[in-house]
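Asks: Right, I'll just put the structure down here and ask away after.
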Amino acid sequence: MKAIQHIRYGEISESIKFSEIEKPTISKDEVLIETFAASVNPLDIKVIKGKLKALGKYTLPATVGYDVSGKVVEKGEDVINFNIGDEVYAYVDKQGSFAEFVSVKQNILSLKPKNISFEEAASLPLVSLTASQVLKRGQLKSGDRILIQAGSGGVGFLAIQLAKAKGAYVYTTTSTDNVAWVKALGADRVIDYKAEDYKTIVKDVDMVLDTLGNEYTEDAFKVIKKGGKVITLVGPVDKETAKRMKLNFFVKLYLTWKRRKITKQIKHKSAYYSLLLMRANAKQLNEVTGLVESGQVKTVIDKVFPLKDALNAILYVTKGRTKGKVVIKIT
């Protein structure tokens, strides 16, 4: 079968290739999906460039991609929740969605929302699960106020919609060109970062979703209330997450030093701070399906590329100027 494979770490144009590989075989608790679409995420770029190889999860060559939508064409004998022909989607917790067929465990798989296309469905899993898990960890509830950094980004535009579905008041930042469409997603106060300083507008919020890192992580503590929460996707590793990662003593010591400024901010504001490492979760993806089918959550696709142009799709995302998601049409 045709697949886009990651063959080495480094520059993207030199690190992936179009390959012919064996169709995956499935275990008792897996289904085989004929892939109709997949989407590109910043995670793919980090993996290709070798920024996550220290985690030791990656063996090369490996098929690129984590988001998938398609049809079930084969199922293992222990699979009871899905049937041949079902239209499904998932965040694949191993590399492999930029291919004509993908094997997926049934416990991370969901039925595709009936009212959207395969391309739209493929744009959802990673970003919607990330946004869902951020809001859950921050215990966001109706009436809370939240700042979502980079509202036009892949996670940002989903987080806005999910936060509004919970009844929260949403502040978000974006560039001048994206103000109107981000507001159309439901954000209550859209801040044009080219014309306004969000720190003078946002005050005493219950929670910040930090998607930018660096000084934005530290500045998040300036806008939360006493006892507020900062959930980051890119900031320093917090103490509890370091424990869950089972890191050795010296790595933990280094991370303690690296987050020293954050630690001071946490104490000053009596705040909760956490780095979110998203995990596949079928139950949460099913909840997203319901919100999509009810019209409370809408997909936003920037551009669709054919499989043969997967390299250009990845390079397009590296520019950091996408409005919504970039999707690869496989079949």
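Coordinate-derived values only; no laboratory data. What you see is a predicted model; the values in this text were computed from it and never measured. Don't worry about glycine lacking a Cβ; one is built from the backbone with ideal geometry, like all the others, and counts go over all protein chains shown.
Asks: State to the nearest 20 debye the size of the charge dipole of the range 127-275 about its Cα centre, where the only charges are +1 on K and R beta carbons and -1 on D and E beta carbons. All intermediate terms of the calculation are to be shown ahead of the outcome.
Replies: On the way: 27 positive and 14 negative charges, 179 e Å.
Dipole about the Cα centre, nearest 20: 860 debye.
Asks: If you place +1 on the Cβ of every Lys and Arg and -1 on the Cβ of every Asp and Glu, how big does the dipole about the Cα centre of the chain come out, in debye to the nearest 20?
Replies: 1600 debye
Asks: Size of the range 86-163 along its principal axes in angstrom, Cα-based, largest extent first?
Replies: Principal axes ranked by extent give 43, 23, 23 Å for the Cα atoms.
Asks: How large is the translational diffusion coefficient of the chain in µm² per second when you combine the Kirkwood radius over alpha carbon pairs with Stokes-Einstein at 20 °C and 1.002 mPa s?
Replies: The estimated diffusion coefficient comes to 104 µm²/s.
Asks: Checking the table Lys298/Lys329; Lys141/Lys283; Lys51/Lys71; Lys199/Lys283 against a 27 Å threshold on Cα-Cα, which pairs fail?
Replies: Lys51/Lys71; Lys199/Lys283
Asks: Once Lys and Arg get +1 and Asp and Glu get -1 on their Cβ, which of Tyr216, Ala184, Asn107 lies farthest toward the positive end of the dipole of the chain?
Replies: Tyr216
Asks: How many angstrom lie between the C-alpha centres of the range 108-133 and the range 9-29?
Replies: First find each Cα centre; the distance between them is then 22 Å.
Asks: Sticking with this one: For the chain, set up a Gaussian network in which alpha carbons nearer than 10 Å are linked by springs, and say which option among Ala165, Ala38, Ala90 fluctuates the most.
Replies: Ala165
Asks: How far apart, in nm, are the 7 Å Cα→Cβ label points at Ala195 and Lys308?
Replies: 4.4 nm
Asks: Name the residue farthest towards the positive end of the dipole of the chain from the options Ile330, Gly143, Thr200, assuming +1 on Cβ of Lys and Arg, -1 on Cβ of Asp and Glu, about the Cα centre.
Replies: Going by the charge dipole, the pick is Thr200.
Asks: Which of Val208, Val297, Val79 ends up with the largest GNM mean-square fluctuation for the chain, with Cα atoms connected below 10 Å?
Replies: Largest GNM mean-square fluctuation: Val79.
Asks: Using +1 on the beta carbon of Lys and Arg, -1 on that of Asp and Glu, and nothing else charged, what's the dipole of the range 258-331 about the Cα centre, debye to 20?
Replies: Approximately 760 debye in magnitude.
Asks: Say we join alpha carbon atoms closer than 10 Å with springs in a Gaussian network model of the chain; which of Lys53, Lys319, Lys199 then has the biggest fluctuation?
Replies: With Cα springs under 10 Å in the chain, the top fluctuation among Lys53, Lys319, Lys199 is at Lys319.
Asks: Can you pull the percent of Cα pairs in the range 1-108 with separation above 23 Å?
Replies: Tail of the P(r) past 23 Å holds 27 percent of the pairs.
Asks: Now a separate question. Is it possible to state the helix-based mean residue ellipticity at 222 nm for the chain, with each DSSP H run of 4+ residues giving -39500 (n - 2.57), the sum divided by total residues, to the nearest 500 deg cm²/dmol? What is it? Show your work: numbers first, answer last.
Replies: Working: 13 runs with 107 residues, N = 331.
Helix contribution divided over all residues of the chain: -9000 deg cm²/dmol.
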